[in-house]
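> Submitted below is the structure of interest, expressed as structure tokens.
None of the figures in this text is laboratory data; all of them are computed from the coordinates on show. From a predicted model like this one, the values you see are computed outputs, not experimental measurements. Positions of Cβ are backbone-derived with ideal geometry, glycine not excepted, and every protein chain shown enters the neighbour counts.
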Amino acid sequence: MLDWKSREIFSRLYVPVDMPVVVRVDGWRFRKLAEELGLERPYDERLLTSLIDASKGLMERNLPIALAYLFSDEISFLLAPPLPWNGRVEKIVSIISSFISARTSLLLGHAASFDGRIVFLRDEDELVSYLSWRQDEAWRNALNSYALLALEKEGFSREEAAKKLHGRKSEYLHELIFRKLGINIANVPAWQRRGVLVRKAVKIKNTEYGPVERREIVVDRELPLFSAPEGLDYLRGILRDMSIFRRDG
Ligand SMILES: Nc1nc2c(ncn2[C@@H]2O[C@H](COP(=O)(O)OP(=O)(O)O)[C@@H](O)[C@H]2O)c(=O)[nH]1
Ligand SMILES: [Mg+2]
């Protein structure tokens, strides 16, 4: 008999257990799913709450997930050390992606799949930089999806509209959205422009026996800009409370 275990050739792929990582999942063919479900364009509240609830479900499990940042059809989970499953890449990626796929499917009442990947982080600055990068993408996504809708309302097909928008500066998209839809993109809900953060927090509750610590999952739908001083303070505050990153010296 062949040694089939030896053919599981990626089973010994590990990330260091004593370093945080981000696991990002992204909806597979969500454009099609959105059409099949008749999701509101460009943003659907039901999809958002499903992704938030799926993330909460995962964070309620016995996994060291400190926070989740999400927008559109993607979620980034910050895993704090020590990492589960000895840092086995296949295990981390497949369980998180399948958990989110299963929960989202149940919540939407429609089969939904997510791919997954691991992002390695060296320190807190890199986490802030990573989250700023994803938040920039959330903003670009907002501009692009409103602008697409604006052109489609004019009679262009989605493909034609996408072509017309390719390489356009954000001022142009801004202007187009205002002119065609009468919407000032700067005033659409913050969750559409800046995404949503789900985090674990410790709250002090006063009970008849005195103050007790309660772990809670908090959803922030009004996020500051992570790359601005206010956003940096917000993130550093959260991370300080969680003490995820080692502070040597
Ligand atoms: N109608 C609608 N569609 C959404 C929403 N959020 C994400 N999507 C769709 O999901 C896609 C996500 O982009 P991407 O991952 O690149 O495309 P995918 O390969 O189709 O999953 C967007 O292009 C939208 O078509 C939403 O709130 N409403
Ligand atoms: Mg996708």
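> Quick one: of 32/56; 32/169; 32/153; 5/56; 32/180, which pairs are farther than 31 Å apart, Cα to Cα?
5/56
> Which aspartates and glutamates does residue 205 reach when only Cα atoms under 12 Å apart count, and residues fewer than 8 places away in its own chain are ignored?
213, 216
> Could you compute the FRET efficiency for residue 233 and residue 7, with r as their C-beta to C-beta distance and R0 at 35 Å, rounded to 0.05?
Step by step, r from the Cβ atoms, then E = 0.10.
> On full extension of the chain, what length is gained from residue 184 through residue 203, given 0.36 nm per residue of separation minus the C-alpha to C-alpha distance?
That pair, residue 184 and residue 203, stretches by 3.1 nm at full extension.
> Can you figure out the FRET efficiency of residue 171 with residue 85, using R₀ = 41 Å and their beta-carbon distance, to the nearest 0.05?
0.30
> Non-local amide H neighbours of residue 67 (under 5 Å, H modeled in plane, Pro and chain starts lacking H): which ones?
Placed amide hydrogens put 78 under 5 Å from residue 67.
> How would the stretch 199-241 be classified by its alpha-carbon gyration tensor: rounded, prolate or oblate, with rounded meaning a/c under 1.5 and the a/b versus b/c comparison settling the rest?
Since a/c reaches 1.5 and a/b is larger than b/c, the shape of the stretch 199-241 is classed as prolate.
> Right, here's the next one. Pull out the extension gain between residue 158 and residue 241, defined as 0.36 nm times the separation in residues minus the alpha carbon to alpha carbon distance; nm, one decimal.
Residue separation times 0.36 nm, minus the Cα-Cα distance, leaves 25.4 nm.
> Rule-of-thumb check for the stretch 132-182: C-alpha Rg over 2.2 N^0.38 Å?
1.10
> Exposure proxy check: 77, 99 ranked by fewest other beta carbons within 10 Å?
Neighbour counts put them in this order, fewest first: 99, 77.
> Next up: Tell me which aspartates and glutamates have Cα within less than 13 Å of residue 163's Cα, excluding those fewer than 8 residues away on the same chain?
The reachable aspartates and glutamates, counting only those whose Cα sits under 13 Å from residue 163, are 152.
> How compact and how long is the stretch 16-192, expressed as Rg and Dmax of its alpha-carbon atoms in Å?
Taking only Cα atoms of the stretch 16-192, I get Rg and Dmax of 17.8, 54 Å.
> Right, here's the next one. Between residue 26 and residue 221, what is the spin-label point distance in nm, taking each point 7 Å from the Cα along the Cα→C-beta axis?
My value for the distance between the label points is 2.7 nm.
> Taking only Cα atoms and a 10 Å spring cutoff, compute GNM fluctuations for the chain and point out the largest among 207, 104, 49.
207
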